[in-house]
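Novice: Before we start, here is the structure in question, set down as structure tokens.
The values are calculated or read from the model by the stated rules, or taken from the named source; none is laboratory data. Just so it is clear, the structure is predicted and the values come from calculations on it, not from any experiment. Every residue, glycine among them, receives a Cβ derived from its backbone with ideal geometry; neighbour counts consider all protein chains shown.
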């Protein structure tokens, strides 16, 4: 089912011409939302970096690093939508797994040595 | 209902899901910067960022109706929905154990109350203690402690 839909999507332009339907406005809307999303994620990543650098305690830095990892994952998803490529989507699962591993390591470090300042 | 309709509805659903995810991402980071203590920050970011990533991945699914994207996105959604709460819980528990203070106006700290009342310090499991130690220290049945009572029964 999915593969047949994907093959149909390849010929969507000719189908639109044949059926006299304009489907491009939804795509332009989606790409507009993607552009807004890239800017918004840039702002949130910068805000997370600010908390990462300034965070008064070690725990705040750990939380900011965890959040930052998932936001970079979201940025990769936006890249996949924008470039219409299947290539970069492999990075999503890998980066979420690495983010979880780093969170666990950070939590272990805090439990052993992370005395509050 | 031909391929162009599916194309249009898919892109529209993707735009809606993407807006949903973006809203939660931004709200999570605002919470990260505005809450007064680390536990409040965890409370804000974990749920919001998990939901935001859900919206992003649903948008990717709806945009490209492709089996490769669908499989990887569903795997990532399941993984993130399990792993992100677990990681945040680990950070919170480690911070509580390391002695990070709660905000002044926090109403209750039940984990600290349980630690003080000794309800969390349980004896080791019987099959983990070797024979000599068990013979030397017979387990004392603490009648006031509900967990030990349940264990003795």
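Novice: Give the residues of the range B:87-104 that are more than 8 Å from chain A (Cβ to nearest Cβ) and either without any contact (Cβ under 8 Å) to a residue 12 or more places away in the chain or buried (at least 18 other Cβ atoms within 10 Å of the Cβ) (or both), sorted by residue number.
Specialist: Filtering the range B:87-104 for residues more than 8 Å from chain A (Cβ to nearest Cβ) gives B:89, B:92, B:96, B:102-104.
B:89, B:92, B:96, B:104, listed by residue number.
Novice: Check residue B:58 against each of (1) within 9 Å of chain A (Cβ to nearest Cβ); (2) in contact with a helix residue (DSSP H, G or I) (Cβ under 8 Å, 6 or more places away or on another chain); (3) in a helix (DSSP H, G or I) and name the one condition it does not meet.
Specialist: Of (1) within 9 Å of chain A (Cβ to nearest Cβ); (2) in contact with a helix residue (DSSP H, G or I) (Cβ under 8 Å, 6 or more places away or on another chain); (3) in a helix (DSSP H, G or I), only one is false for residue B:58: (1).
Novice: Right, here's the next one. At least 2 residues that are out of contact with any helix residue (DSSP H, G or I) (no Cβ under 9 Å at 6 or more places or on another chain) in each: list the helices (runs of 4 or more DSSP H) lying fully within the range A:17-117 that qualify.
Specialist: Working: elements: A:24-54, A:58-83, A:90-113.
Answer list for the range A:17-117: A:24-54, A:90-113.
Novice: Hey, can you tell me all the residues within the range A:37-62 that are over 13 Å from the mean Cα position of the chain (by Cα) and at the interface with chain B (Cβ under 7 Å from one of its Cβ atoms)? Lay out the reasoning, then the answer.
Specialist: Of the residues in the range A:37-62, the ones over 13 Å from the mean Cα position of the chain (by Cα) are A:43, A:46-62.
Hits for the range A:37-62 are A:47, A:48, A:51, A:57, A:59, A:60, A:62.
Novice: Would you mind finding the one in B:120, B:111 that is at pLDDT below 85, surrounded by 10 or more Cβ atoms within 10 Å (Cβ to Cβ) and within 17 Å of the chain's Cα centre (by Cα)?
Specialist: Values: B:120 fails: within 17 Å of the chain's Cα centre (by Cα).
After ruling out the rest, the residue left standing is B:111.
Novice: Does residue B:67 satisfy the criteria of being closer than 26 Å to residue A:43 by Cα, at the interface with chain A (Cβ under 9 Å from one of its Cβ atoms) and modelled with pLDDT under 95?
Specialist: Numbers: closer than 26 Å to residue A:43 by Cα: no; at the interface with chain A (Cβ under 9 Å from one of its Cβ atoms): yes; modelled with pLDDT under 95: yes.
No; evaluated as a whole, the condition is false for this residue.
Novice: Of everything in the range A:26-56, what is surrounded by fewer than 20 Cβ atoms within 10 Å (Cβ to Cβ), closer than 24 Å to residue A:106 by Cα and in contact (Cβ under 8 Å) with a residue 24 or more places away in the chain? Give them in sequence order.
Specialist: Hits for the range A:26-56 are A:45, A:56.
Novice: Among the listed residues B:29, B:74, which satisfies the condition of being under 16 Å from residue A:48 (Cβ atoms) and either in contact with a strand residue (DSSP E or B) (Cβ under 9 Å, 6 or more places away or on another chain) or modelled with pLDDT of 90 or more (or both)?
Specialist: On the way: B:74 fails: under 16 Å from residue A:48 (Cβ atoms).
Sole residue among the options that is under 16 Å from residue A:48 (Cβ atoms) and either in contact with a strand residue (DSSP E or B) (Cβ under 9 Å, 6 or more places away or on another chain) or modelled with pLDDT of 90 or more (or both): B:29.
Novice: Out of all the residues in the range B:51-76, which are surrounded by fewer than 20 Cβ atoms within 10 Å (Cβ to Cβ) and under 19 Å from the mean Cα position of the chain (by Cα)?
Specialist: B:51, B:54, B:74, B:75
Novice: Exactly one condition in (1) crowded, with 19+ Cβ neighbours inside 10 Å; (2) in contact with a helix residue (DSSP H, G or I) (Cβ under 8 Å, 6 or more places away or on another chain); (3) more than 7 Å from chain A (Cβ to nearest Cβ) is false for residue B:37; which is it?
Specialist: (2)
Novice: Let me ask something else. What number goes with the only condition from (1) closer than 22 Å to residue A:25 by Cα; (2) more than 20 Å from the chain's Cα centre (by Cα) that residue B:21 does not pass?
Specialist: (2)
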